[in-house]
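All remarks here apply to the structure that follows.
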Amino acid sequence: MEMYKLIGQFLLAAPAIGDPRFARTVIYICSHNHTGAMGLIINRLYPALDSKNLFQHLAIPTTPQTPALPIHFGGPVETGRGFVLHSDDYRRDTSMSVDHGVALTATLDILEGIANQIGPRRSLIALGYSGWGPGQLEHELKIGGWLTVPGDADLLFDPDLEQKWEQVFAKLGFSPGLLSSEMGQA
């Protein structure tokens, strides 16, 4: 892994991750630099919460055509803070380009756009994020807690969350059963 080159990559929880909050998770890395890293879990949902509930809570007007999109559990940090990973066909000054074709916006204007069907073509709404301090993610990678996989917009926005971990793992070209269930260093 090149230093700070994880932006736009998937982090795939190794079978021996050791932290039940991250077991079988896929995280899309949005930011990675000398101050740490930030990403969103893309294969876990908040049960019984959808975008219509969220829009109502935020007093965002909706129409009968407003989609009821799932709300993802982006991670255990700042779970009241919202983020939208989306196709880069929707760009505002507040949007941050992540990787080819993918952007991140964390302001209400994108939710208003989604509610009124003028938002991005593809999107993933998340509450909370996954974060690491300086050197923390690099250490976790070194001891085998995570695997890195090149990002893929089709997998990122694929609504089949039940199979996402397996689908991303398949991109590595080997079975998860071949990995040790013990973390450590060689």
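The values are calculated or read from the model by the stated rules, or taken from the named source; none is laboratory data. The model shown is predicted, which means the values in this text are computed figures rather than measured ones. Glycine gets a Cβ as well: all are built from the backbone with ideal geometry, and neighbour counts include every protein chain shown.
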Members of the range 131-147 found to be over 20 Å from SER97 (Cβ atoms), modelled with pLDDT of 95 or more and within 15 Å of the chain's Cα centre (by Cα), listed by number: TRP132
Verdict on SER51 being over 18 Å from LEU161 (Cβ atoms) and touching a residue at least 60 places away in the same chain (Cβ under 8 Å): no
Residue count for the range 140-173, restricted to those that are among the acidic types (Asp, Glu) and farther than 20 Å from CYS30 by Cβ: 3
Qualifying residue in the range 76-88 (condition: over 20 Å from ILE7 (Cβ atoms), touching a residue at least 12 places away in the same chain (Cβ under 8 Å) and in contact with a Pro (Cβ under 6 Å, 6 or more places away or on another chain)): no
Pick from the range 23-51, criterion closer than 26 Å to GLY101 by Cα and outside any strand (DSSP E or B), ranking: nearest to the chain's Cα centre (by Cα): ILE42
Flag for ILE71 being farther than 30 Å from ILE17 by Cα and in contact with a strand residue (DSSP E or B) (Cβ under 6 Å, 6 or more places away or on another chain): no
Sole exception among (1) within 17 Å of GLY74 (Cα to Cα); (2) at pLDDT below 95 for LEU156, by number: (2)
In the range 141-155, the residues that are buried (at least 16 other Cβ atoms within 10 Å of the Cβ) and in a helix (DSSP H, G or I): LEU141, ALA153, LEU155
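The rows are residues; the columns are (1) part of a strand (DSSP E or B); (2) crowded, with 18+ Cβ neighbours inside 10 Å.
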position	(1), (2)
GLU78	yes, no
GLY82	yes, yes
LEU85	yes, yes
SER97	yes, no
LEU111	no, yes
GLY119	no, yes
ILE125	yes, yes
GLY128	yes, yes
HIS139	no, no
Residue, farthest from GLN136 (Cα to Cα), within the range 35-53, restricted to residues that are among the small types (Gly, Ala, Ser) and at pLDDT 90 or above: SER51
Pairs with Cβ under 6 Å, 6+ apart, first in the range 1-18 and under 21 Å from LYS164 (Cβ atoms) and modelled with pLDDT of 90 or more, second acidic (Asp, Glu) and assigned to a strand (DSSP E or B): GLY8/ASP99
Enumeration of residues in the range 56-76 that are β-branched (Val, Ile, Thr) and part of a loop (DSSP other than H, G, I, E, B): ILE60, THR62, THR63, THR66
Residue within the range 167-179 that is modelled with pLDDT under 95, over 23 Å from GLY36 (Cβ atoms) and of a type in the set (Val, Ile, Thr) present: no
Per-region count, the range 99-109, residues among the acidic types (Asp, Glu) and either part of a loop (DSSP other than H, G, I, E, B) or without any contact (Cβ under 8 Å) to a residue 60 or more places away in the chain (or both): 1
